[in-house]
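Chemist: Take this structure, written in structure tokens, and hold onto it; I'll ask about it next.
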Amino acid sequence: MTPFGMFMRTVRLEKGLLLKDVAELMEVTSAYLSALEHGKKGVPNAQFVSGLENRLRLDAKQRDALRRAVRDSSTSLAIPPKANPAVFETAHAFARKLPSLSDRQLDLINNILRDKDKR
């Protein structure tokens, strides 16, 4: 499940809504929403996200969380073209190794990445 799918499911359940309820609000099928929640469909477009914000009456905090979930659910990332060769090598090595990293290793890496100004 992607961060976007987890967000959608959490908000839907917090609001006491079924998939079919949200599907009707968004004018899509329940199957499509289920695929979004389970990460079987890519991140929806900005118009869909805006519709979710409005039709589910998300507050400012929830809207920020939704936008972060959308950002963090993208399956393709871009390396800046002017990056030095070490950036390319590191990014590709990470992409190759990522599927085999344990949860502990991922937590360690995330902590390093979040700790950018403490050194």
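The values are calculated or read from the model by the stated rules, or taken from the named source; none is laboratory data. Just so we're clear, the structure is a prediction, and the values are computed from it rather than from any experiment. Note that we place each Cβ from the backbone using ideal geometry, even for glycine, and neighbour counts take in every protein chain shown. Note: accessible area is taken over every heavy atom of the protein model, side chains too, but ligands, DNA and RNA are not part of it. Shrake-Rupley method; radii C 1.70, N 1.55, O 1.52, S 1.80 Å.
Chemist: Assuming Leu56 fulfils every condition listed in (1) out of contact with any Lys or Arg (no Cβ under 9 Å at 6 or more places or on another chain); (2) in contact (Cβ under 8 Å) with a residue 12 or more places away in the chain apart from one, which condition is it?
Modeler: Condition not satisfied by Leu56: (1).
Chemist: Is it fair to say Ala78 is small (Gly, Ala, Ser) and either over 28 Å from Leu113 (Cα atoms) or modelled with pLDDT of 90 or more (or both)? So that I can check it myself, show each step before the final result.
Modeler: Details: small (Gly, Ala, Ser): yes; either over 28 Å from Leu113 (Cα atoms) or modelled with pLDDT of 90 or more (or both): no.
The answer is no for Ala78.
Chemist: Shifting gears a bit: Of the residues that sit in the range 67-91 and are closer than 22 Å to Gly42 by Cβ and not aliphatic (A, V, I, L, M), which one is surrounded by the most Cβ atoms within 10 Å (Cβ to Cβ)?
Modeler: Of all residues in the range 67-91, those closer than 22 Å to Gly42 by Cβ come to 67-79, 91.
With not aliphatic (A, V, I, L, M) added as a condition, the list becomes 67-68, 71-76.
Values: Arg67: 13, Arg68: 13, Arg71: 11, Asp72: 12, Ser73: 19, Ser74: 13, Thr75: 8, Ser76: 5.
Restricting to residues being closer than 22 Å to Gly42 by Cβ and not aliphatic (A, V, I, L, M), the top hit is Ser73.
Chemist: Quick check on my filter: what residues within the range 1-18 are β-branched (Val, Ile, Thr) and surrounded by 18 or more Cβ atoms within 10 Å (Cβ to Cβ)? Steps first, answer last, please.
Modeler: Step one: filter the range 1-18 for residues β-branched (Val, Ile, Thr), giving 2, 10-11.
Residues satisfying the conditions are Thr2, Val11.
Chemist: Follow-up question, since we're still on this one. Give the range 27-48 a look and list any residue that's crowded, with 17+ Cβ neighbours inside 10 Å and assigned to a helix (DSSP H, G or I), or say none.
Modeler: The answer is Leu33, Leu36, Glu37.
Chemist: Does any residue in the range 83-110 that is under 17 Å from Asp72 (Cα atoms) come within less than 7 Å, Cβ to Cβ, of a residue that is surrounded by 10 or more Cβ atoms within 10 Å (Cβ to Cβ) six or more places away or on a different chain, and which pairs are these?
Modeler: Ala91/Ile79
Chemist: Of Asp21, Asp64, which residue is open to solvent by 60 Å² or more (accessible area, probe 1.4 Å), of a type in the set (Asp, Glu) and either free of Cβ contacts under 8 Å to residues at least 24 places away in the same chain or in contact with a Pro (Cβ under 9 Å, 6 or more places away or on another chain) (or both)? Give the steps one after another, and end with the answer.
Modeler: Working: Asp21 fails: open to solvent by 60 Å² or more (accessible area, probe 1.4 Å).
Exactly one of Asp21, Asp64 is open to solvent by 60 Å² or more (accessible area, probe 1.4 Å), of a type in the set (Asp, Glu) and either free of Cβ contacts under 8 Å to residues at least 24 places away in the same chain or in contact with a Pro (Cβ under 9 Å, 6 or more places away or on another chain) (or both), namely Asp64.
Chemist: Go through Glu89, Glu24 for me and flag whichever is modelled with pLDDT of 90 or more, part of a helix (DSSP H, G or I) and closer than 19 Å to Leu113 by Cα.
Modeler: Only one candidate qualifies: Glu89.
Chemist: Filter the range 1-21 down to the residues that are in a loop (DSSP other than H, G, I, E, B) and within 17 Å of Ser74 (Cβ to Cβ) and list them by number.
Modeler: From the range 1-21, those in a loop (DSSP other than H, G, I, E, B) are 1-2, 15-18; that's our starting set.
Within the range 1-21, Met1, Thr2 meet the criteria.
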